[in-house]
Amino acid sequence: MSALIVESHRGVDAFRELEPEWKALRERAGASPFLSWEWAASWSRHLGASHTPRILSAREGGELVGLLALSEEGRRIPGVSAPITRLGFVGERHGGADYLDVLAPPEQEARVVAALLDHLAEARDFDLLELDGIATDSATVEALRFRFEDDPRYKLRATPRYTCPQIPLLGGFDKVLSRSSRADNFKRRLRQLRAVEGFEFRQVHEPEAVGAAFERFLLLHERRWHAQGGSDAMGRPALRAFHREVVPALAAAGILRFDELWAEGDCRASIYGMDTPGVYRFYQSGYDPAWSRRSVGLVALGLSIEQAASRGARVYDFLHGLEPYKLEWASGSRETVSIRIASAGLGASILLLREAAEAVARTAAHSLLPAAAVDRLRRRRRAREQEGLH
């Protein structure tokens, strides 16, 4: 087994240079859509324009066997004269990606991760490495601790991030339904909707059809969230532009689908999801509030779960968020964590302390706000964004 060669690719040209190999590696690894070239390149254009791509590749005998897609930004710290250099995942924060990580085939993962982290540690060209949203069961988490925790040149802090509800699908949909608290309501509402003229459950995944499906989804999603001041997930123009680019690209890669419930000549509920071998990821949903009394959202979700099981998926993953409708179906979960590694310099250490204090304050303040106040704040933010203030 030959040694791995790690290279650093800086700037937007890295996406063009690595595109064919990156796509082939993701397919070989069966990895998450959030680690795909399509997601990363679109995110960098629309949501990470202020960041500089820093992509690490690992090769064996010239063959690409691993990638760590990072982005670099300069950050000012009050009280510190020079800006610090921060590295984070391509795809972080805006866009709602979970399980960001090193991309590598399972059989190569351990040695690839070790090689990439050794390169980062020895290059020492960052002040803060912030890896947000890694699954706690990822090999990368333990490797980060092993490589950085006892290195006197760095300080490591791990913070719990999100719980991602999941439905194990082994045993089929009937078993899932038997565990759900909504089983009886789902069956009753499904019977009622099947009696409605034009009832149909459609699955849209063809590249030439998903653009129109996204627009139907977006309309329903915005209607669903209008009364609460708009959607955090789709409200900004940059987010909508990102999705309009990435949706057909993911469909062309065979990893995107919309599950739609139609009745009386129109789409009444839509689920935006992603398929990879063994796992269906529920990304976002929307429904027509005028049809809420018919529980179109519930029925669309149940049929989406049923179809995922019939395709052979082992897990229906709701991604992050503990919304009640997810917990009515889920019987498992996956956790994520944020890992921050600061160099021994003063600026990054100060930032870690301040961010920890701010996170505590935000959590406390949010817990004191009634739901109506949260909705008002969301409406005000959306109004500012529509005026071009972000």
J(HN,Hα) series, segment 106-115, from Karplus relation 6.51 cos²θ - 1.76 cosθ + 1.60, nearest Hz, glycine and proline x: x, 6, 10, 4, 4, 6, 5, 4, 4, 5
Candidate residues TRP225, TRP262, TRP43: accessible-area rank, largest first, probe 1.4 Å: TRP225, TRP262, TRP43
Translational diffusion coefficient (Stokes-Einstein; Kirkwood radius from C-alpha pairs) of segment 1-149 at 20 °C, 1.002 mPa s, in µm²/s: 137
Among 171-179, 282-290, the order from most to least packed when residues are scored by Cβ within 10 Å on average: 282-290, 171-179
Kirkwood hydrodynamic radius of segment 150-285, Cα pairs, Å: 17.7
VAL80 accessible area, assembled protein chains, probe 1.4 Å, Å²: 30
Under 30 Å from LYS175, Cα to Cα: lysines that are on another chain or at least 8 residues apart: LYS187, LYS326
In Å², nearest 10: area of ARG189 left accessible to a 1.4 Å probe: 60
Solvent-accessible heavy-atom area per residue, rounded to whole Å², over the chain at 1.4 Å: 46
Protection-proxy order for peptides 322-328, 141-147, each taking the mean of Cβ atoms within 10 Å per residue, highest first: 141-147, 322-328
nm² value of the averaged projected area, convex hull over the Cα atoms of the chain: 20.7
Between segment 293-324 and segment 65-115, the Cα center-to-center distance that results, in Å: 31
Translational D in µm²/s for segment 228-339 (Stokes-Einstein at 10 °C, 1.306 mPa s, Kirkwood Rh from C-alpha pairs): 103
Accessible-area composition of the chain, carbon plus sulfur, in percent [1.4 Å probe]: 52
Share antiparallel - DSSP beta bridges, segment 268-350, percent rounded to 5: 75
Listed residue (ALA158, PHE146, LEU120) projecting farthest to the positive dipole end of segment 120-173, Cβ model: ALA158
Accessible area, probe 1.4 Å, largest first, for residues TYR316, TYR162: TYR162, TYR316
Distance (nanometres) between label positions extended 7 Å along Cα→Cβ at SER333 and ALA227: 2.7
With Cα atoms, 0 to 90° folded angle of helix 37-46 axis to the chain main axis: 80
Proportion of all alpha-carbon pairs of segment 111-185 beyond 20 Å (%): 50
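The values are calculated or read from the model by the stated rules, or taken from the named source; none is laboratory data. Keep in mind it's a predicted model, so treat the numbers as computed, not measured. For neighbour counting, all protein chains shown are included, and Cβ atoms are generated from backbone atoms with ideal geometry for every residue, glycine included. To get the accessible areas, we keep the full protein, side chains included, count just its heavy atoms, and leave off ligands, DNA and RNA. Shrake-Rupley method; radii C 1.70, N 1.55, O 1.52, S 1.80 Å.
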